[in-house]
(Lines give C-alpha, C1' and ligand atoms only; values in the text may rest on other atoms or scores of the structure.)
Protein backbone atom coordinates (compact mmCIF):
# COMPACT_ATOMS: atom_id res chain seq x y z
CA UNK A 1 0.00 0.00 0.00
CA UNK A 2 1.21 3.47 -0.84
CA UNK A 3 2.17 5.56 2.22
CA UNK A 4 -0.30 8.21 1.01
CA UNK A 5 -3.22 5.83 0.96
CA UNK A 6 -5.94 6.78 3.41
CA UNK A 7 -8.54 4.14 4.03
CA UNK A 8 -12.00 5.67 4.40
CA UNK A 9 -14.37 4.36 6.98
CA UNK A 10 -18.07 3.78 6.50
CA UNK A 11 -19.98 7.02 6.74
CA UNK A 12 -21.40 7.56 10.24
CA UNK A 13 -21.26 3.82 10.86
CA UNK A 14 -23.97 3.17 8.28
CA UNK A 15 -23.73 0.76 5.37
CA UNK A 16 -22.59 2.25 2.08
CA UNK A 17 -25.05 2.60 -0.80
CA UNK A 18 -24.88 -0.56 -2.99
CA UNK A 19 -24.21 1.43 -6.18
CA UNK A 20 -21.29 3.25 -4.56
CA UNK A 21 -20.04 -0.02 -3.07
CA UNK A 22 -20.06 -1.75 -6.46
CA UNK A 23 -18.26 1.17 -8.11
CA UNK A 24 -15.74 1.29 -5.26
CA UNK A 25 -14.97 -2.39 -5.71
CA UNK A 26 -14.38 -1.89 -9.44
CA UNK A 27 -12.22 1.18 -8.86
CA UNK A 28 -10.03 -0.34 -6.13
CA UNK A 29 -9.49 -3.80 -7.64
CA UNK A 30 -6.05 -3.83 -9.25
CA UNK A 31 -6.89 -6.78 -11.50
CA UNK A 32 -9.79 -4.89 -13.11
CA UNK A 33 -8.90 -3.44 -16.54
CA UNK A 34 -7.80 0.18 -16.25
CA UNK A 35 -10.40 1.49 -18.70
CA UNK A 36 -13.18 -0.08 -16.63
CA UNK A 37 -11.74 1.46 -13.45
CA UNK A 38 -11.73 4.89 -15.11
CA UNK A 39 -15.39 4.55 -16.05
CA UNK A 40 -16.19 3.63 -12.46
CA UNK A 41 -14.20 6.64 -11.27
CA UNK A 42 -16.15 9.06 -13.43
CA UNK A 43 -19.40 7.55 -12.18
CA UNK A 44 -18.22 8.17 -8.61
CA UNK A 45 -17.09 11.69 -9.56
CA UNK A 46 -20.63 12.46 -10.65
CA UNK A 47 -22.06 11.14 -7.38
CA UNK A 48 -19.42 12.97 -5.31
CA UNK A 49 -20.20 16.31 -6.93
CA UNK A 50 -23.95 16.27 -6.36
CA UNK A 51 -25.35 19.64 -5.28
CA UNK A 52 -27.10 19.57 -2.96
CA UNK A 53 -25.48 16.52 -1.40
CA UNK A 54 -27.24 13.17 -1.46
CA UNK A 55 -26.79 10.05 0.64
CA UNK A 56 -24.23 8.92 -1.96
CA UNK A 57 -22.04 12.03 -1.93
CA UNK A 58 -19.68 11.38 0.99
CA UNK A 59 -19.45 7.60 0.39
CA UNK A 60 -18.49 8.40 -3.22
CA UNK A 61 -15.70 10.71 -2.01
CA UNK A 62 -14.48 8.00 0.35
CA UNK A 63 -14.63 5.43 -2.46
CA UNK A 64 -12.49 7.59 -4.72
CA UNK A 65 -9.96 8.17 -1.93
CA UNK A 66 -9.76 4.42 -1.20
CA UNK A 67 -8.07 3.91 -4.59
CA UNK A 68 -4.99 5.96 -3.62
CA UNK A 69 -3.49 2.58 -2.68
CA UNK A 70 -3.22 1.79 -6.41
CA UNK A 71 0.08 1.25 -8.20
CA UNK A 72 -1.07 3.35 -11.16
CA UNK A 73 0.20 6.95 -11.06
CA UNK A 74 -2.22 7.79 -13.86
CA UNK A 75 -5.21 6.56 -11.89
CA UNK A 76 -4.11 8.30 -8.68
CA UNK A 77 -3.59 11.55 -10.59
CA UNK A 78 -7.16 11.24 -11.86
CA UNK A 79 -8.46 10.44 -8.35
CA UNK A 80 -7.01 13.71 -7.07
CA UNK A 81 -8.55 15.62 -9.97
CA UNK A 82 -11.99 14.12 -9.29
CA UNK A 83 -11.79 14.93 -5.58
CA UNK A 84 -10.98 18.53 -6.45
CA UNK A 85 -14.02 18.66 -8.71
CA UNK A 86 -16.32 17.35 -5.96
CA UNK A 87 -16.72 20.77 -4.35
CA UNK A 88 -16.79 19.17 -0.89
CA UNK A 89 -14.36 19.81 1.99
CA UNK A 90 -14.54 16.14 2.98
CA UNK A 91 -12.02 15.53 0.17
CA UNK A 92 -9.39 17.80 1.75
CA UNK A 93 -7.70 15.33 4.19
CA UNK A 94 -7.11 12.78 1.45
CA UNK A 95 -5.56 15.40 -0.83
CA UNK A 96 -3.30 16.74 1.91
CA UNK A 97 -2.08 13.22 2.64
CA UNK A 98 -1.03 12.82 -1.00
CA UNK A 99 0.86 16.14 -1.06
CA UNK A 100 2.64 15.36 2.21
CA UNK A 101 3.83 11.96 0.95
CA UNK A 102 7.22 12.70 -0.63
CA UNK A 103 7.40 9.10 -1.89
CA UNK A 104 4.31 9.60 -4.03
CA UNK A 105 4.63 10.31 -7.77
CA UNK A 106 5.04 14.03 -8.42
CA UNK A 107 2.27 13.92 -11.02
CA UNK A 108 -0.16 12.78 -8.31
CA UNK A 109 1.10 15.32 -5.79
CA UNK A 110 0.78 18.14 -8.30
CA UNK A 111 -2.81 17.14 -9.02
CA UNK A 112 -3.60 17.01 -5.30
CA UNK A 113 -2.29 20.56 -4.88
CA UNK A 114 -4.35 21.71 -7.85
CA UNK A 115 -7.40 20.00 -6.34
CA UNK A 116 -7.00 21.92 -3.06
CA UNK A 117 -6.96 25.08 -5.15
CA UNK A 118 -10.12 24.00 -6.95
CA UNK A 119 -11.80 23.45 -3.57
CA UNK A 120 -10.70 26.93 -2.45
CA UNK A 121 -9.51 25.43 0.83
CA UNK A 122 -8.03 28.36 2.73
CA UNK A 123 -6.95 26.09 5.60
CA UNK A 124 -4.47 24.42 3.22
CA UNK A 125 -2.57 27.63 2.43
CA UNK A 126 0.20 26.93 4.98
CA UNK A 127 0.85 23.46 3.54
CA UNK A 128 0.87 24.77 -0.03
CA UNK A 129 3.26 27.58 0.90
CA UNK A 130 5.58 25.12 2.64
CA UNK A 131 5.74 22.97 -0.49
CA UNK A 132 6.22 26.01 -2.73
CA UNK A 133 9.12 27.36 -0.67
CA UNK A 134 10.91 24.03 -0.13
CA UNK A 135 14.05 24.06 -2.34
CA UNK A 136 14.08 20.25 -2.41
CA UNK A 137 10.53 20.02 -3.74
CA UNK A 138 9.78 18.84 -7.28
CA UNK A 139 9.39 21.78 -9.66
CA UNK A 140 6.00 20.66 -10.96
CA UNK A 141 4.69 20.49 -7.38
CA UNK A 142 6.12 23.90 -6.50
CA UNK A 143 4.58 25.49 -9.58
CA UNK A 144 1.19 23.91 -8.89
CA UNK A 145 1.25 25.04 -5.26
CA UNK A 146 2.00 28.56 -6.46
CA UNK A 147 -1.06 28.54 -8.73
CA UNK A 148 -3.23 26.92 -6.06
CA UNK A 149 -2.24 29.58 -3.51
CA UNK A 150 -3.14 32.35 -5.95
CA UNK A 151 -6.43 30.67 -6.77
CA UNK A 152 -7.45 30.26 -3.12
CA UNK A 153 -6.46 33.84 -2.29
CA UNK A 154 -8.37 35.09 -5.35
CA UNK A 155 -11.41 33.01 -4.39
CA UNK A 156 -11.57 34.67 -0.97
CA UNK A 157 -10.63 38.20 -2.10
CA UNK A 158 -12.67 41.37 -2.42
CA UNK A 159 -11.42 41.66 -6.00
CA UNK A 160 -13.14 38.35 -6.79
CA UNK A 161 -16.48 39.78 -5.70
CA UNK A 162 -16.04 42.73 -8.04
CA UNK A 163 -15.09 40.66 -11.09
CA UNK A 164 -17.59 39.72 -13.74
CA UNK A 165 -16.64 36.40 -15.34
CA UNK A 166 -17.91 35.17 -18.67
CA UNK A 167 -20.17 32.14 -18.36
CA UNK A 168 -18.14 29.13 -19.51
CA UNK A 169 -19.42 26.18 -21.51
CA UNK A 170 -17.38 23.92 -19.22
CA UNK A 171 -18.53 22.74 -15.82
CA UNK A 172 -15.01 22.04 -14.55
CA UNK A 173 -13.48 23.94 -11.63
CA UNK A 174 -10.32 25.20 -13.31
CA UNK A 175 -6.89 25.97 -11.78
CA UNK A 176 -7.57 29.60 -12.64
CA UNK A 177 -10.67 31.46 -13.81
CA UNK A 178 -10.73 33.11 -17.22
CA UNK A 179 -9.81 36.78 -17.31
CA UNK A 180 -12.60 39.02 -16.05
CA UNK A 181 -14.92 40.61 -18.56
CA UNK A 182 -14.35 44.29 -19.19
CA UNK A 183 -15.64 47.01 -21.45
CA UNK A 184 -12.83 46.10 -23.85
CA UNK A 185 -12.59 42.33 -24.02
CA UNK A 186 -8.98 41.30 -24.84
CA UNK A 187 -8.44 40.19 -28.42
CA UNK A 188 -6.81 36.84 -29.17
CA UNK A 189 -3.37 38.38 -29.92
CA UNK A 190 -3.48 40.15 -26.54
CA UNK A 191 -4.47 36.95 -24.74
CA UNK A 192 -1.76 35.06 -26.60
CA UNK A 193 0.82 37.60 -25.50
CA UNK A 194 -0.20 37.12 -21.85
CA UNK A 195 -0.29 33.33 -22.28
CA UNK A 196 3.28 33.18 -23.55
CA UNK A 197 4.87 35.80 -21.28
CA UNK A 198 7.04 33.77 -18.90
CA UNK A 199 7.77 36.87 -16.80
CA UNK A 200 4.16 36.89 -15.56
CA UNK A 201 2.80 34.77 -12.67
CA UNK A 202 1.50 31.40 -13.82
CA UNK A 203 -1.91 32.19 -12.36
CA UNK A 204 -2.30 35.19 -14.69
CA UNK A 205 -1.08 33.19 -17.69
CA UNK A 206 -3.55 30.42 -16.83
CA UNK A 207 -6.34 32.99 -16.79
CA UNK A 208 -5.43 33.92 -20.36
CA UNK A 209 -5.33 30.20 -21.21
CA UNK A 210 -8.87 29.60 -20.01
CA UNK A 211 -10.10 32.79 -21.67
CA UNK A 212 -8.74 31.45 -24.96
CA UNK A 213 -10.37 28.08 -24.27
CA UNK A 214 -13.73 29.75 -23.85
CA UNK A 215 -13.24 31.59 -27.16
CA UNK A 216 -12.88 28.18 -28.83
CA UNK A 217 -16.25 26.86 -27.65
CA UNK A 218 -18.60 26.14 -29.26
CA UNK A 219 -16.37 24.87 -32.08
CA UNK A 220 -18.11 26.83 -34.84
CA UNK A 221 -17.29 30.21 -33.30
CA UNK A 222 -15.23 32.38 -35.67
CA UNK A 223 -12.70 32.74 -32.83
CA UNK A 224 -12.34 28.97 -32.27
CA UNK A 225 -9.51 28.06 -34.66
CA UNK A 226 -7.49 31.25 -33.99
CA UNK A 227 -7.79 30.63 -30.23
CA UNK A 228 -6.63 27.03 -30.64
CA UNK A 229 -3.65 28.13 -32.73
CA UNK A 230 -2.73 30.61 -29.99
CA UNK A 231 -3.02 27.92 -27.32
CA UNK A 232 -0.89 25.50 -29.35
CA UNK A 233 2.04 27.92 -29.09
CA UNK A 234 2.03 27.10 -25.37
CA UNK A 235 3.59 23.73 -26.18
CA UNK A 236 6.90 25.56 -26.56
CA UNK A 237 6.79 26.81 -22.95
CA UNK A 238 9.68 25.78 -20.66
CA UNK A 239 7.26 24.56 -17.96
CA UNK A 240 6.07 20.96 -18.26
CA UNK A 241 3.16 21.86 -16.00
CA UNK A 242 2.09 24.61 -18.41
CA UNK A 243 2.40 22.33 -21.45
CA UNK A 244 0.38 19.65 -19.68
CA UNK A 245 -2.41 22.16 -19.01
CA UNK A 246 -2.52 23.15 -22.68
CA UNK A 247 -3.05 19.49 -23.57
CA UNK A 248 -5.77 19.20 -20.90
CA UNK A 249 -7.59 22.21 -22.36
CA UNK A 250 -7.42 20.65 -25.82
CA UNK A 251 -9.00 17.53 -24.35
CA UNK A 252 -11.86 19.65 -23.02
CA UNK A 253 -12.36 21.35 -26.38
CA UNK A 254 -12.10 18.20 -28.54
CA UNK A 255 -11.59 20.41 -31.59
CA UNK A 256 -10.03 18.86 -34.71
CA UNK A 257 -7.79 21.92 -35.13
CA UNK A 258 -5.79 20.79 -32.07
CA UNK A 259 -4.95 17.35 -33.50
CA UNK A 260 -1.65 18.22 -35.25
CA UNK A 261 -0.08 19.77 -32.15
CA UNK A 262 -1.36 16.95 -29.91
CA UNK A 263 0.03 14.33 -32.26
CA UNK A 264 3.39 16.09 -32.31
CA UNK A 265 3.39 16.25 -28.51
CA UNK A 266 2.57 12.57 -28.02
CA UNK A 267 5.10 11.52 -30.66
CA UNK A 268 7.94 13.45 -29.01
CA UNK A 269 9.56 10.81 -26.78
CA UNK A 270 11.74 13.51 -25.21
CA UNK A 271 8.65 15.32 -23.91
CA UNK A 272 7.77 14.93 -20.21
CA UNK A 273 5.51 11.94 -19.58
CA UNK A 274 2.94 14.08 -17.76
CA UNK A 275 2.55 16.14 -20.94
CA UNK A 276 2.46 13.16 -23.33
CA UNK A 277 -0.10 11.38 -21.17
CA UNK A 278 -2.40 14.40 -21.28
CA UNK A 279 -1.96 14.67 -25.06
CA UNK A 280 -2.89 10.99 -25.40
CA UNK A 281 -6.10 11.43 -23.44
CA UNK A 282 -6.96 14.59 -25.38
CA UNK A 283 -6.57 12.62 -28.61
CA UNK A 284 -8.82 9.95 -27.14
CA UNK A 285 -11.62 12.52 -26.99
CA UNK A 286 -11.03 13.04 -30.73
CA UNK A 287 -10.88 9.34 -31.49
CA UNK A 288 -13.49 9.46 -34.23
CA UNK A 289 -11.29 11.78 -36.32
CA UNK A 290 -9.24 10.24 -39.15
CA UNK A 291 -5.82 8.95 -38.17
CA UNK A 292 -6.15 9.53 -34.43
CA UNK A 293 -6.80 5.97 -33.29
CA UNK A 294 -4.08 4.67 -35.61
CA UNK A 295 -1.57 7.03 -34.01
CA UNK A 296 -2.64 6.12 -30.48
CA UNK A 297 -2.08 2.43 -31.18
CA UNK A 298 1.55 3.15 -32.07
CA UNK A 299 2.20 3.93 -28.39
CA UNK A 300 0.54 0.96 -26.68
CA UNK A 301 4.02 -0.33 -25.77
CA UNK A 302 5.56 3.05 -24.90
CA UNK A 303 8.50 2.84 -22.45
CA UNK A 304 6.70 5.24 -20.05
CA UNK A 305 4.05 3.42 -17.99
CA UNK A 306 1.91 6.52 -17.51
CA UNK A 307 1.83 6.97 -21.29
CA UNK A 308 0.95 3.29 -21.86
CA UNK A 309 -1.85 3.56 -19.31
CA UNK A 310 -3.11 6.75 -20.93
CA UNK A 311 -3.21 5.03 -24.32
CA UNK A 312 -5.44 2.32 -22.82
CA UNK A 313 -7.81 4.98 -21.50
CA UNK A 314 -7.59 7.05 -24.69
CA UNK A 315 -8.51 4.08 -26.89
CA UNK A 316 -11.46 3.34 -24.61
CA UNK A 317 -12.52 6.99 -24.89
CA UNK A 318 -12.19 6.75 -28.68
CA UNK A 319 -14.51 3.74 -28.68
CA UNK A 320 -16.92 5.67 -26.48
CA UNK A 321 -16.91 8.57 -28.98
CA UNK A 322 -17.45 6.23 -31.95
CA UNK A 323 -20.37 4.53 -30.24
CA UNK A 324 -22.05 7.83 -29.40
CA UNK A 325 -22.52 6.91 -25.75
CA UNK A 326 -23.99 9.62 -23.52
CA UNK A 327 -21.69 9.36 -20.50
CA UNK A 328 -18.13 8.08 -20.10
CA UNK A 329 -19.12 6.15 -16.99
CA UNK A 330 -20.14 2.73 -15.70
CA UNK A 331 -23.69 3.69 -14.79
CA UNK A 332 -26.14 6.14 -16.36
CA UNK A 333 -26.04 9.42 -14.44
CA UNK A 334 -29.76 9.14 -13.80
CA UNK A 335 -29.24 6.20 -11.46
CA UNK A 336 -28.54 8.19 -8.29
CA UNK A 337 -30.18 8.20 -4.91
CA UNK A 338 -32.13 11.16 -3.59
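The values are calculated or read from the model by the stated rules, or taken from the named source; none is laboratory data. Note that the structure is a prediction, hence the values are computed from the model and not measured. Reconstructed Cβ throughout: ideal geometry from the backbone, glycine too, with neighbour counts over all protein chains shown.
Just give me the residues in region 230-241 being in a helix (DSSP H, G or I) and over 18 Å from residue 280 (Cβ atoms), in sequence order.
Passing the criteria: 230, 233, 236.
I'd like to check something: does region 174-182 contain any residue that is assigned by TED's automatic domain parsing to the domain that holds residue 112, under 18 Å from residue 208 (Cα atoms) and in contact with a helix residue (DSSP H, G or I) (Cβ under 6 Å, 6 or more places away or on another chain)?
No, region 174-182 has no match at all.
Yes/no per residue for (1) touching a residue at least 40 places away in the same chain (Cβ under 8 Å); (2) over 21 Å from the mean Cα position of the chain (by Cα); (3) in a loop (DSSP other than H, G, I, E, B):
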position	(1), (2), (3)
126	no, yes, no
131	no, no, no
140	yes, no, no
143	yes, no, no
173	yes, no, yes
177	no, no, yes
180	no, yes, yes
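If I go through region 145-166 residue by residue, how many of them are in contact (Cβ under 8 Å) with a residue 40 or more places away in the chain, in a helix (DSSP H, G or I) and either out of contact with any helix residue (DSSP H, G or I) (no Cβ under 9 Å at 6 or more places or on another chain) or more than 18 Å from residue 107 (Cα to Cα) (or both)?
Of the residues in region 145-166, 3 are in contact (Cβ under 8 Å) with a residue 40 or more places away in the chain, in a helix (DSSP H, G or I) and either out of contact with any helix residue (DSSP H, G or I) (no Cβ under 9 Å at 6 or more places or on another chain) or more than 18 Å from residue 107 (Cα to Cα) (or both).
I need the helices (runs of 4 or more DSSP H) fully contained in region 1-114, keeping only those with at least 2 residues that are modelled with pLDDT of 95 or more, touching a helix residue (DSSP H, G or I) at 6+ places or on another chain (Cβ under 6 Å) and farther than 20 Å from residue 144 by Cα. It would help to see each step written out before you state the result.
Working: elements: 18-28, 34-48, 57-66, 73-85, 92-100.
Result: 18-28, 34-48, 57-66.
Residues 318, 230, 282: which one is at pLDDT 95 or above, buried (at least 20 other Cβ atoms within 10 Å of the Cβ) and closer than 24 Å to residue 75 by Cα?
Exactly one of 318, 230, 282 is at pLDDT 95 or above, buried (at least 20 other Cβ atoms within 10 Å of the Cβ) and closer than 24 Å to residue 75 by Cα, namely 282.
Please name all residue pairs, on different chains or six or more residues apart, with Cβ atoms under 6 Å, provided the first residue is in region 76-92 and is outside the structural domain of residue 39 (by TED's automatic domain parsing) and the second residue is surrounded by fewer than 24 Cβ atoms within 10 Å (Cβ to Cβ) and outside any helix (DSSP H, G or I).
Going by the 6 Å Cβ cut-off, there are no qualifying pairs.
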